[in-house]
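Let me begin by presenting the structure, written as structure tokens, before commenting on it.
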Amino acid sequence: MRNFVITVNGTQYEVAVEEVAAGAAPVAAAPVAAAPAAAPKAVAGEKVAAPMPGNIVDVKVQAGSSVKKGDVLVVLEAMKMENEIMAPRDAKVAQVLTSKGAAVNTGDALVVLE
């Protein structure tokens, strides 16, 4: 049996894989605890948070980008509607804390502005 760490939608899981002989029925293995995911290093600045729970369908900026007030940072789908999360002021993007496909809750930090 070999252990592997895989990442699915940003979450890491440790899995055990066993090779079986051709025609042999696989045997269910005991579940293995998920590997702890490394938290992104915190950066000082103004956090732009999700106003509602939903799924991230697009990230329009990257760390180091300059944005103007009203520029779209992230597109959040909630209740089958796409909501543009915009920059509250002119700033430089210090860190992007989310990714396309991520599920977020109300108040989750999406982007940090300098």
key: Breaking point among (1) over 23 Å from GLY107 (Cα atoms); (2) at pLDDT 80 or above, for PRO53   = (1)
request  = Read through the list (1) surrounded by 12 or more Cβ atoms within 10 Å (Cβ to Cβ); (2) at pLDDT below 95, then give the number of the only condition that MET86 fails.
outcome  = (2)
Selection from the range 57-83 of residues that are in contact (Cβ under 8 Å) with a residue 24 or more places away in the chain, within 18 Å of GLY45 (Cα to Cα) and either assigned to a loop (DSSP other than H, G, I, E, B) or open to solvent by less than 40 Å² (accessible area, probe 1.4 Å) (or both) = VAL61, GLN62, ALA63, GLY64, SER65, VAL67, LEU73, VAL74
remark   = Across (1) more than 16 Å from the chain's Cα centre (by Cα); (2) open to solvent by 20 Å² or more (accessible area, probe 1.4 Å), GLN95 clears everything bar (1)
task = Please work out if ALA94 is assigned to a loop (DSSP other than H, G, I, E, B) and among the hydrophobic types (A, V, I, L, M, F, W, C).
result = no
task = Output the number of the condition that ALA42 fails; it satisfies all remaining conditions of (1) aliphatic (A, V, I, L, M); (2) surrounded by 13 or more Cβ atoms within 10 Å (Cβ to Cβ); (3) modelled with pLDDT under 95.
result = (2)
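The values are calculated or read from the model by the stated rules, or taken from the named source; none is laboratory data. What you see is a predicted model, and the numbers here were worked out from it, not measured in a lab. Note: ideal-geometry Cβ built from the backbone for every residue, glycine included; neighbour counts use all protein chains shown. SASA here: full protein model, heavy atoms, side chains in, ligands and nucleic acids out. Shrake-Rupley method; radii C 1.70, N 1.55, O 1.52, S 1.80 Å.
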